[in-house]
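K.L.:
Dropping a structure here in structure tokens format, bear with me for questions.
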Amino acid sequence: MTTPDHDAASPAPTLPELRDRIDALDRELIAMLNRRARLAQEVGEIKKKEGSVVFRPEREAQVIDGLKQFNPGPLKNESVAPIWREIMSACRALETPTRVAYLGPAGTFSEEAALGFFGSSIVRVPCASIDEVFRNTSAGVADFGVVPVENSTEGMVARSLDIFLTTPLFIIGETSLFVRHNLLRKENALDGIEAVCAHPQALAQCHDWLSLHLPHAERRPVSSNAEGARLAAQDSRLAGIASARAASEYGVHVVAPAIQNDPHNRTRFAIVTDPHRHPAPQASGHDCTSLVVSVVNRPGAMYDILAPLKRHGVSMTRLESRPARSGQWEYYFFIDLQGHPEQPAVQTAMHELREACAFFKVLGAYPIDAH
Ligand SMILES: C=C(O[C@@H]1C=C(C(=O)O)C=C[C@H]1O)C(=O)O
């Protein structure tokens, strides 16, 4: 086979020759990445003078979208987003440190979501609860918070949605993650496992596999999957259920991979920040607007919500309800619209929707997950 790096007339290159070429290209790449980093530093200087913020999620989404369209292959488009997220993360860190709060400890899926969205050049702020993620972000201990909002098998994350009703924070981005649960243990074998320690959600999501392969092992609920992995690392009678990252974090084996009932198990996370410290993202071209509304309980109330969207051709990609806890069978509706309020149709539809609602709050408008 010939490639642009290989002249068809000459004999096929040997392995050492190919590796020499890779080494030479890597040196070109590192020189170019440093040129890119210097430009980002200059951007950082301008932002400092203007007093504007460093992280621009809409710009980063546009960079990735543009490169995907430009990508001639053979690199897959799915590889482009994570590679450039890391490059932009490293460039951003030269402008200013980005502090990100999430549900910890180390090795949780929330941490994985934070790293997937911001890249690994961040300051990690692990928190004990979802409430603490919101608190630390409001108080300025972190610049951004990452909170789970829905799971493809378990549905909405009620605690996050309830806090969204009252928090002053708003959403500037989203990211979703394949949640693959793995059985972890100090020894690389199933024999002799007396108890499986994991978060109750993970134990439930792996019920079928556990019943089949470890029917006699106790299922012991603990505060997080990372805590289960930590316990498993200390006692070979115990196993944990967690991510492959948690396995390497705590130095245990993945004894059985992907043991969750649903092979397509996904969790969606929202990225939140304080509007006093960060402006709302401008339209990137592929955006989502999240709202929470309530309507007075009367015939046709739901129609009043949907009619403005139909009139202005705005798609609704999500609709969830939560009881208002008034004892009156009233509900809050969490709505995701496709598009950004900078688009006239979205703006008009939202204006008419607001008129129809007793309660109306915009949670944020932000680029759709670029993964
Ligand atoms: C360099 C910038 O700052 C940050 C880093 C970016 C990058 O590395 O491409 C893009 C957007 C910002 O989050 C910029 O705003 O252009």
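The values are calculated or read from the model by the stated rules, or taken from the named source; none is laboratory data. All of these numbers come straight from a predicted model, not from anything done at the bench. Positions of Cβ are generated from backbone atoms using ideal geometry, with glycine treated the same way; all protein chains shown enter the neighbour counts. Just so you know, the surface numbers come from the protein's heavy atoms only, side chains and all, with ligands and any DNA or RNA stripped out. Shrake-Rupley method; radii C 1.70, N 1.55, O 1.52, S 1.80 Å.
K.L.:
Name every residue in region 283-296 that is at pLDDT 90 or above and loosely packed, with under 15 Cβ neighbours inside 10 Å, in order of residue number.
P.N.:
Of everything in region 283-296, just one residue is at pLDDT 90 or above and loosely packed, with under 15 Cβ neighbours inside 10 Å, namely 285.
K.L.:
Give me the residue from region 209-244 that is of a type outside the set (Gly, Ala, Ser) and within 27 Å of the chain's Cα centre (by Cα) and, out of that set, surrounded by the most Cβ atoms within 10 Å (Cβ to Cβ).
P.N.:
241
K.L.:
If a residue has to be out of contact with any Gly (no Cβ under 6 Å at 6 or more places or on another chain), closer than 21 Å to residue 281 by Cα and more than 9 Å from the ligand (Cβ to nearest atom) to count, how many in region 83-93 make the cut?
P.N.:
Summing the residues that are out of contact with any Gly (no Cβ under 6 Å at 6 or more places or on another chain), closer than 21 Å to residue 281 by Cα and more than 9 Å from the ligand (Cβ to nearest atom) in region 83-93 gives 1.
K.L.:
With the requirement that a residue be within 13 Å of the ligand (Cβ to nearest atom) and of a type in the set (D, E, K, R), what does region 25-49 give you?
P.N.:
Correct list: 35, 36, 38, 42, 45, 47, 48.
K.L.:
Checking the conditions here, which among 340, 351 is at pLDDT 95 or above, under 29 Å from residue 145 (Cα atoms) and open to solvent by less than 70 Å² (accessible area, probe 1.4 Å)?
P.N.:
340
K.L.:
Please specify each residue of region 124-153 satisfying the condition of being in contact with a helix residue (DSSP H, G or I) (Cβ under 9 Å, 6 or more places away or on another chain) and of a type in the set (A, V, I, L, M).
P.N.:
125, 130, 133, 141, 142, 146, 147, 149, listed by residue number.
Matching residues to (1) in contact (Cβ under 8 Å) with a residue 40 or more places away in the chain; (2) open to solvent by less than 40 Å² (accessible area, probe 1.4 Å); (3) farther than 30 Å from residue 318 by Cα:
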{"position": "187", "(1), (2), (3)": "yes, no, yes"}
{"position": "207", "(1), (2), (3)": "yes, no, no"}
{"position": "249", "(1), (2), (3)": "yes, no, yes"}
{"position": "270", "(1), (2), (3)": "yes, yes, no"}
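K.L.:
Whether any residue in region 297-309 is at pLDDT 95 or above, in contact with a helix residue (DSSP H, G or I) (Cβ under 6 Å, 6 or more places away or on another chain) and over 18 Å from residue 163 (Cβ atoms) is what I want to check.
P.N.:
Checking region 297-309: at least one residue is at pLDDT 95 or above, in contact with a helix residue (DSSP H, G or I) (Cβ under 6 Å, 6 or more places away or on another chain) and over 18 Å from residue 163 (Cβ atoms).
K.L.:
For region 151-175, enumerate the residues that are part of a strand (DSSP E or B) and not aliphatic (A, V, I, L, M).
P.N.:
Matches in region 151-175: 151, 155, 170, 173, 174, 175.
K.L.:
Then there is this: Quick check on region 94-102. Is at least one of its residues surrounded by 20 or more Cβ atoms within 10 Å (Cβ to Cβ) and more than 15 Å from the ligand (Cβ to nearest atom)?
P.N.:
The answer is yes, given that some residue of region 94-102 is surrounded by 20 or more Cβ atoms within 10 Å (Cβ to Cβ) and more than 15 Å from the ligand (Cβ to nearest atom).
K.L.:
Let me ask you something else. If residue 325 meets every condition in (1) surrounded by 12 or more Cβ atoms within 10 Å (Cβ to Cβ); (2) in a loop (DSSP other than H, G, I, E, B); (3) of a type in the set (D, E, K, R) apart from one, which number is that one?
P.N.:
Answer for residue 325: the failing condition is (1).
K.L.:
I need the full set of residues from region 50-80 which are on the phi < 0 side of the Ramachandran plot and more than 13 Å from the ligand (Cβ to nearest atom), in order please.
P.N.:
68, 69, 70, 71, 72, 74, 75, 76, 77, 78, 79, 80, listed by residue number.
K.L.:
Could you check region 109-125 and list, in sequence order, the residues that are open to solvent by less than 20 Å² (accessible area, probe 1.4 Å) and either more than 15 Å from the ligand (Cβ to nearest atom) or modelled with pLDDT under 95 (or both)?
P.N.:
Result: 110, 111, 113, 114.
K.L.:
Another question, if that's okay. If you check residue 366 against the conditions, is it within 23 Å of the chain's Cα centre (by Cα) and either surrounded by 19 or more Cβ atoms within 10 Å (Cβ to Cβ) or over 30 Å from residue 118 (Cα atoms) (or both)?
P.N.:
yes
K.L.:
I would also like to ask the following. Among the residues of region 41-51, count how many are open to solvent by less than 80 Å² (accessible area, probe 1.4 Å), free of Cβ contacts under 8 Å to residues at least 40 places away in the same chain and touching a helix residue (DSSP H, G or I) at 6+ places or on another chain (Cβ under 9 Å).
P.N.:
So the answer is 0.
K.L.:
Where the second residue is not β-branched (Val, Ile, Thr) and the first is in a loop (DSSP other than H, G, I, E, B) and lies in region 348-371, which pairs have Cβ atoms under 6 Å and are six or more apart or on separate chains?
P.N.:
Once the first residue is in a loop (DSSP other than H, G, I, E, B) and sits in region 348-371, its partners that are not β-branched (Val, Ile, Thr) give 358/294; 368/286; 368/288; 369/174; 369/176; 370/61; 370/81; 371/81.
K.L.:
Moving on. Only one residue in 192, 140 is surrounded by fewer than 17 Cβ atoms within 10 Å (Cβ to Cβ), of a type outside the set (Ser, Thr, Tyr), at positive phi and without any contact (Cβ under 8 Å) to a residue 60 or more places away in the chain, so which one is that?
P.N.:
192
K.L.:
Give the number of residues within region 254-276 that are assigned to a strand (DSSP E or B) and farther than 20 Å from residue 100 by Cα.
P.N.:
Total meeting the criteria: 4.
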